[in-house]
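Each remark here refers to the structure printed beneath this line.
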Amino acid sequence: MALVKGGVLVDDDWTAVDDETALPDGPVILSLKRWLDLRDTLVGRNGALGVYLAADETPDVLAPDLSRLALICLEFPKFTDGRAYSHARKLRERHGFTGELRATGNVLRDQFQFMHRCGFDAYDVDASSDPSAWLRAVAEISVAYQAAGDRRATIQDQRSV
């Protein structure tokens, strides 16, 4: 997988760790189950923490812990499953999450702007896809008509200036 963040390809410093593996040094991404089971001991860990949410797991359970998390990965198991869009908006708009929101799984270039508008700011993309196409997608739509999770100025905001 390649990581697109801030409109550019970047190296991924995070390590996804399954529920049985010892935690390595550095930033780690844990399953929701592992986070919930070990959160009190993990808080004292020296290293950034992230949680992976499967599409059928609600982000509401993380609300009390969001200040402890630097990253949340939201799964798109297939392109027709839009639950992660709702989860992203909920995390940004209702719960005020300010860390990295990463789209993972079946992340498609033609859905990039929708993901961004919902609050995603990082995207695990298929390494075989054309990275330049993803980078061009950043600039394809420059006008927003409605307020959304990305907090971009709307056309109405721009007219008022």
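Where a number appears in this text, it was derived from the coordinates with a stated rule and is not lab data. Note that this is a predicted model, so its numbers are computed, not measured. Cβ atoms come from the backbone with ideal geometry, glycine included; neighbour counts cover every protein chain shown.
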Measure nothing but the geometry: give the 0 to 90° angle between the long axis through the Cα atoms of 32-42 and the longest principal axis through the Cα atoms of the chain, rounded to 10°.
60
Whole Å is fine, so just give me how far the alpha carbon centre of the range 64-118 lies from that of the range 1-34.
15
Per-residue counts of other Cβ atoms within 10 Å, averaged by peptide: what ranking do you get for 39-46, 5-12, highest first?
5-12, 39-46
Linear extension gain, S129 paired with R94, 0.36 nm per residue minus alpha-carbon span:
9.2 nm
Extension gain, M1 back to T80 (0.36 nm per residue minus Cα-Cα distance, nm)
26.4 nm
Within 14 Å, Cβ to Cβ, of S129, how many net charges do the neighbouring residues add up to if Lys/Arg are +1 and Asp/Glu are -1?
-2
Here the gain from full extension of D110 to E140, 0.36 nm per residue of separation minus their alpha-carbon distance, amounts to 9.8 nm
Once phi is turned into θ = phi - 60°, what whole-Hz ³J(HN,Hα) does the Karplus curve with 6.51, -1.76 and 1.60 give for every residue of the range 87-98, x standing for Gly and Pro?
4, 5, 5, 4, 4, 6, 8, 8, 9, x, 5, 10
Antiparallel DSSP beta bridges within the range 2-160, percent to nearest 5
30
Would you mind computing the Rg to Rh ratio of the range 2-160 from its alpha-carbon coordinates, Kirkwood style for Rh?
0.98
